[in-house]
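One structure is given below, encoded as structure tokens.
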Amino acid sequence: MEDIVTKLAPTVKKLYFLSRTELGIYILSDTEDGLHPNNTGMKKWADAYLKIIEKENIN
């Protein structure tokens with residue numbers, strides 16, 4: 001099976017991976033089950049990615 005990153009590489013201009021620390025997500029307070037973000041965690045996730053996108057000037 002082809003790796004998803006390899007498959008998407010021709011169409012993706014920039015790919016960002018932010019760690020839990022960079023996202024500002026804390027396991028106990030920002031997740032439902034220690035893995036999946038709750039509403040607060042999703043807001044932090046969206047804000048972190050918006051910040052990096054704005055920093056890179058990508059529209």
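What follows draws every value from the coordinates through simple rules; no lab data is involved. All of these numbers come straight from a predicted model, not from anything done at the bench.
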Cα convex hull of the chain: how many Å³ per residue?
105
Name the long-range amide H neighbours of THR31: under 5 Å, sequence gap of 5 or more, or other chain; modelled H, no Pro or chain starts.
ASN38
Does anyone have the angle between helix 39-56 and the longest principal axis of the chain? Alpha-carbon axes, 0 to 90°, nearest 10?
40
